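Colleague: Here it is: the structure, laid out below.
The values are calculated or read from the model by the stated rules, or taken from the named source; none is laboratory data. What you see is a predicted model; the values in this text were computed from it and never measured. Cβ atoms come from the backbone with ideal geometry, glycine included; neighbour counts cover every protein chain shown. Surface areas here come from the heavy atoms of the whole protein model, side chains and all, with no ligands, DNA or RNA. Shrake-Rupley method; radii C 1.70, N 1.55, O 1.52, S 1.80 Å.
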Amino acid sequence: GLETRLRWSQSMHLQNRAHPRSLGEVLRERIAGDTEQRLQAAFDYLPLLDADIAAVGGPIPIYRAVLTHDQTDDPFWTARDHSGSVAGVRAAAHFVGGWYDYYLRGLLRDYAAQRDAGREPYLTVGPWYHAQAGGMLTGLRAGVTWFDAHLKGDRRRLRPEPVRLYVMGAEEWRTFDVYPPPAREARYYLQAGARLSPASPPEVSAPDGYRYDPADPTPTVGGALLALQGAGPQDNRLLEARSDVLCYSTPALERTVEIIGPVRLELFVRSTLTHTDFVGRLCDVAPDGRSTNLCDGLVRIEPGQGDVQADGSLRIEIDLWATAHRFRQGHRLRLQVSSGSHPRWSRNLGTGEPLATGVHMAVADQTIYHDEAHPSALVLPVVSSR
């Protein structure tokens, strides 16, 4: 994502320039000086290729190399992609991450590769984001225990269950034999009137719509950011009040609903542009109205992508990453649908210009369907409901 890429590039540049300093000194400068203000301005700069100049006053080679190779099948990445060798690693492995860590998806993918290869990896996922001090301390403790067990032969503190997950909402750690644990796939369908329900949508239901303007991009509020502040779980009510964000909510729950595992969104859409984005975000709404983000994801639409329906609409799937959360009685499940989360992900300018050099912008009118022929649904891994 843009935020992670540019923030990391700026930090490395400041740390390694003519007078090298420690990362701690760089972070203190970021908090006390104008470094963060320059970075925020750089997020909005076009073309993105020159955003590094706005951030640090000059080009950052690694930032530019990554930005100009934005296709996953680019040979640039093939030479640097070691994911295919993960399954062959025979050394004992312990994967440690957070539900709001931008490394989460890759971490869970590597854990699964090891499991599928017959290895016995350990996994620990807590409620933190990448730069959160509590997560770093927990990871350090887990690492010491791991090395004691495998380098010193002291397995007294090594837990017998290989998977340990923090279940948010329940505010407790759980252990399992495998991730994801067994779960029931539950569909919550988008409905008219901003509702979200297990009931199938009606035969006829007028779609919803909104306008996305990249000149005023839908902002990122919390989530998987590299930022020291504003990442992780945040109050989303101001975001949800925007006209370019649709919200679908269940009634107050009569019983708790607990989910652990991958979350996805099946969406039937239409856009006035052939280049556009769709974003989904799962939130927990407390009785006082506070809406807290849990997980989210984005899909970038280009010509030829999506399953074209008979009426010309598109069926798309959005990977909302994963979470472990208990929705308590009296709370509500909420799904946000939008077309941006800036600057976590670079805004889609809507013109099809290259990511690095694009400067022109086009407004997109988006349509979200939720009827019998277009059963848009949030798909959750429910482990218990009581």
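Colleague: Taking segment 141-166, which residues are open to solvent by 30 Å² or more (accessible area, probe 1.4 Å) and of a type in the set (Gly, Ala, Ser)? Spell out how you get there, then give the answer.
Modeller: Going residue by residue through segment 141-166, those that are open to solvent by 30 Å² or more (accessible area, probe 1.4 Å) are 141, 144, 147, 150-157, 159-161, 164, 166.
Gly153, the sole residue that qualifies.
Colleague: Further question: Just to be sure I understand, how many residues within segment 109-137 are in contact with a Gly (Cβ under 9 Å, 6 or more places away or on another chain), outside any helix (DSSP H, G or I) and either within 16 Å of Ala324 (Cβ to Cβ) or among the aromatic types (Phe, Trp, Tyr) (or both)?
Modeller: 7
Colleague: Please tell me if Leu196 is surrounded by 13 or more Cβ atoms within 10 Å (Cβ to Cβ), touching a strand residue (DSSP E or B) at 6+ places or on another chain (Cβ under 9 Å) and more than 28 Å from Tyr122 (Cα to Cα).
Modeller: Details: surrounded by 13 or more Cβ atoms within 10 Å (Cβ to Cβ): yes; touching a strand residue (DSSP E or B) at 6+ places or on another chain (Cβ under 9 Å): yes; more than 28 Å from Tyr122 (Cα to Cα): yes.
Answer is yes for this residue.
Colleague: Also: Just checking, which of Gly97, Gly106, Gly88 is touching a residue at least 24 places away in the same chain (Cβ under 8 Å), out of contact with any Gly (no Cβ under 7 Å at 6 or more places or on another chain) and exposed (fewer than 15 other Cβ atoms within 10 Å of the Cβ)? Spell out the reasoning first.
Modeller: Numbers: Gly97 fails: exposed (fewer than 15 other Cβ atoms within 10 Å of the Cβ); Gly106 fails: touching a residue at least 24 places away in the same chain (Cβ under 8 Å).
Among Gly97, Gly106, Gly88, only Gly88 is touching a residue at least 24 places away in the same chain (Cβ under 8 Å), out of contact with any Gly (no Cβ under 7 Å at 6 or more places or on another chain) and exposed (fewer than 15 other Cβ atoms within 10 Å of the Cβ).
Colleague: Which of the strands (runs of 3 or more DSSP E) found entirely inside segment 283-381 contain at least 3 residues meeting this: of a type in the set (A, V, I, L, M) and touching a strand residue (DSSP E or B) at 6+ places or on another chain (Cβ under 9 Å)? Show your work before the answer.
Modeller: On the way: elements: 291-301, 314-327, 332-338, 364-369.
Those strands (runs of 3 or more DSSP E) span 291-301, 314-327, 332-338.
Colleague: Can you spot a residue in segment 331-348 that is farther than 19 Å from Tyr189 by Cα, touching a Cys at 6+ places or on another chain (Cβ under 9 Å), open to solvent by less than 10 Å² (accessible area, probe 1.4 Å) and not hydrophobic (A, V, I, L, M, F, W, C)?
Modeller: No; the residues of segment 331-348 include none that is farther than 19 Å from Tyr189 by Cα, touching a Cys at 6+ places or on another chain (Cβ under 9 Å), open to solvent by less than 10 Å² (accessible area, probe 1.4 Å) and not hydrophobic (A, V, I, L, M, F, W, C).
Colleague: Could you identify the single residue in Arg119, Arg105, Arg115, Arg109 that is among the basic types (Lys, Arg), under 24 Å from Ile260 (Cβ atoms) and touching a strand residue (DSSP E or B) at 6+ places or on another chain (Cβ under 6 Å)? Please lay out each step first, then the result.
Modeller: On the way: Arg119 fails: touching a strand residue (DSSP E or B) at 6+ places or on another chain (Cβ under 6 Å); Arg115 fails: touching a strand residue (DSSP E or B) at 6+ places or on another chain (Cβ under 6 Å); Arg109 fails: touching a strand residue (DSSP E or B) at 6+ places or on another chain (Cβ under 6 Å).
Exactly one of Arg119, Arg105, Arg115, Arg109 is among the basic types (Lys, Arg), under 24 Å from Ile260 (Cβ atoms) and touching a strand residue (DSSP E or B) at 6+ places or on another chain (Cβ under 6 Å), namely Arg105.
Colleague: Inspect all residues belonging to segment 242-254 and state whether any of them is among the charged types (D, E, K, R) and without any contact (Cβ under 8 Å) to a residue 12 or more places away in the chain.
Modeller: Of all residues in segment 242-254, those among the charged types (D, E, K, R) come to 242, 244, 254.
Subset that is without any contact (Cβ under 8 Å) to a residue 12 or more places away in the chain: none.
Within segment 242-254 (the criterion being among the charged types (D, E, K, R) and without any contact (Cβ under 8 Å) to a residue 12 or more places away in the chain), the answer is no, since none of the residues qualifies.
Colleague: Condition first: open to solvent by 30 Å² or more (accessible area, probe 1.4 Å) and either part of a helix (DSSP H, G or I) or among the polar types (S, T, N, Q) (or both). Now tell me which residues in segment 241-251 satisfy that.
Modeller: Within segment 241-251, Ser243 is the sole residue that qualifies.
Colleague: If I filter segment 72-85 for residues that are β-branched (Val, Ile, Thr), open to solvent by 70 Å² or more (accessible area, probe 1.4 Å) and not in a helix (DSSP H, G or I), do I get at least one hit? Reasoning before the result, please.
Modeller: Taking segment 72-85 and keeping what is β-branched (Val, Ile, Thr), we get 72, 78.
When the remaining residues are screened for being open to solvent by 70 Å² or more (accessible area, probe 1.4 Å), the result is 72, 78.
Applying the additional criterion that residues be not in a helix (DSSP H, G or I) yields 72.
Yes; the residues of segment 72-85 include at least one that is β-branched (Val, Ile, Thr), open to solvent by 70 Å² or more (accessible area, probe 1.4 Å) and not in a helix (DSSP H, G or I).
Colleague: Inspect all residues belonging to segment 152-173 and state whether any of them is at positive phi, part of a loop (DSSP other than H, G, I, E, B) and out of contact with any Lys or Arg (no Cβ under 6 Å at 6 or more places or on another chain). Step through it out loud before you land on a result.
Modeller: Kept after step one, since they are at positive phi, are these residues of segment 152-173: 153, 169, 171.
Those left that are additionally part of a loop (DSSP other than H, G, I, E, B): 153, 169, 171.
Now restrict to residues that are out of contact with any Lys or Arg (no Cβ under 6 Å at 6 or more places or on another chain): 153, 171.
Yes, segment 152-173 contains a residue that is at positive phi, part of a loop (DSSP other than H, G, I, E, B) and out of contact with any Lys or Arg (no Cβ under 6 Å at 6 or more places or on another chain).
Colleague: In segment 315-333, what residues are touching a Phe, Trp or Tyr at 6+ places or on another chain (Cβ under 7 Å) and more than 21 Å from Leu104 (Cα to Cα)?
Modeller: Arg315, Ile316, Leu333
Colleague: Within segment 218-235, is there a residue that is hydrophobic (A, V, I, L, M, F, W, C), at pLDDT 95 or above and exposed (fewer than 15 other Cβ atoms within 10 Å of the Cβ)?
Modeller: Among the residues of segment 218-235, not one is hydrophobic (A, V, I, L, M, F, W, C), at pLDDT 95 or above and exposed (fewer than 15 other Cβ atoms within 10 Å of the Cβ), which makes the answer no.
Colleague: Among the numbered criteria (1) closer than 22 Å to Val144 by Cα; (2) surrounded by 15 or more Cβ atoms within 10 Å (Cβ to Cβ), which one does Glu120 miss?
Modeller: (2)
Colleague: Something else: Based on this model, can you work out whether Phe43 counts as in contact with a Leu (Cβ under 7 Å, 6 or more places away or on another chain) and more than 28 Å from Leu349 (Cβ to Cβ)?
Modeller: On the way: in contact with a Leu (Cβ under 7 Å, 6 or more places away or on another chain): yes; more than 28 Å from Leu349 (Cβ to Cβ): no.
No.
Colleague: Taking the residues in segment 40-53 that are open to solvent by 30 Å² or more (accessible area, probe 1.4 Å), of a type in the set (A, V, I, L, M) and in a helix (DSSP H, G or I) as candidates, determine which candidate is nearest to Glu3 (Cα to Cα).
Modeller: Taking the candidates together, the pick is Ala41.
Colleague: When you look at Asp44, is it over 30 Å from Leu140 (Cα atoms) and either touching a strand residue (DSSP E or B) at 6+ places or on another chain (Cβ under 8 Å) or modelled with pLDDT of 85 or more (or both), yes or no?
Modeller: Details: over 30 Å from Leu140 (Cα atoms): yes; either touching a strand residue (DSSP E or B) at 6+ places or on another chain (Cβ under 8 Å) or modelled with pLDDT of 85 or more (or both): yes.
So Asp44 fits the description; yes.
Colleague: Only one of Glu254, Glu185 is outside any strand (DSSP E or B), acidic (Asp, Glu) and farther than 15 Å from Pro343 by Cα. Can you tell me which? Spell out how you get there, then give the answer.
Modeller: Details: Glu185 fails: outside any strand (DSSP E or B).
Just one listed residue meets the conditions, Glu254.
Colleague: Same structure again: Can you run down the residue pairs with Cβ atoms below 7 Å, 6 or more apart or on separate chains, where the first is in segment 355-379 and within 19 Å of Leu282 (Cα to Cα) and the partner is part of a strand (DSSP E or B) and polar (S, T, N, Q)?
Modeller: His370/Gln191
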